């Protein structure tokens, strides 16, 4: 399981120009059963994604295809989590 932090860079003002492509990229992540949760970092610092069902290398490739990343609107930081325990509703993350 991975947590991706997409933190705004100095090019933050370009985000509106690429928001539709970024939203399409997020939709593909959900459609491919990789993204579990997507949300905003507060206060207005960027976004965060919880991902699973992928390798670090595949995820890095996916992140590189995000127009916000390729256009340097955000910088991406990935943290890998090896879950040992979970609420029963999240047992699928333990396999």
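Since every read-out is calculated from the coordinates, none of them should be taken as a lab result. Quantities reported herein were computed from a predicted structural model and do not represent experimental measurements. Note that each Cβ is placed from the backbone with ideal geometry, even for glycine, and that neighbours are counted across all protein chains shown.
Taking only Cα atoms, what is the 0 to 90° angle, nearest 10, from helix 15-31's long axis to the longest principal axis of the chain?
20 degrees
Could you please tell me the mean projected area of the C-alpha convex hull for region 1-55, averaged over all directions and given in square nanometres to one decimal?
So the mean shadow area of the Cα hull is 4.0 nm².
Which residues among region 48-68 fall inside the zone where the amide N is under 14 Å from a point 7 Å beyond the Cα of residue 14, along Cα→Cβ?
66-68
Please work out the C-alpha center-to-center distance from region 66-84 to region 2-65 and express it in whole Å.
One Cα centre to the other: 6 Å.
Could you compute the FRET efficiency for residue 23 and residue 79, with r as their C-beta to C-beta distance and R0 at 30 Å, rounded to 0.05?
Between residue 23 and residue 79 the formula returns 0.80.
Relative to 2.2 N^0.38 Å, what does the C-alpha radius of gyration of the chain come to as a ratio? Two decimals please.
So the chain has a normalised radius of gyration of 1.10.
Measuring from label point to label point, each 7 Å out along Cα→Cβ, what is the residue 33 to residue 64 span in nm?
2.6 nm
Sum -39500 (n - 2.57) across every DSSP H segment of at least 4 residues in the chain, then divide by the residue count to get the 222 nm mean residue ellipticity, nearest 500.
Rounded to the nearest 500, the figure is -9500 deg cm²/dmol.
Taking the Cβ of each residue in 75, 54, 88 as the centre, tally the other Cβ atoms inside 10 Å and list the residues starting with the fewest.
88, 75, 54
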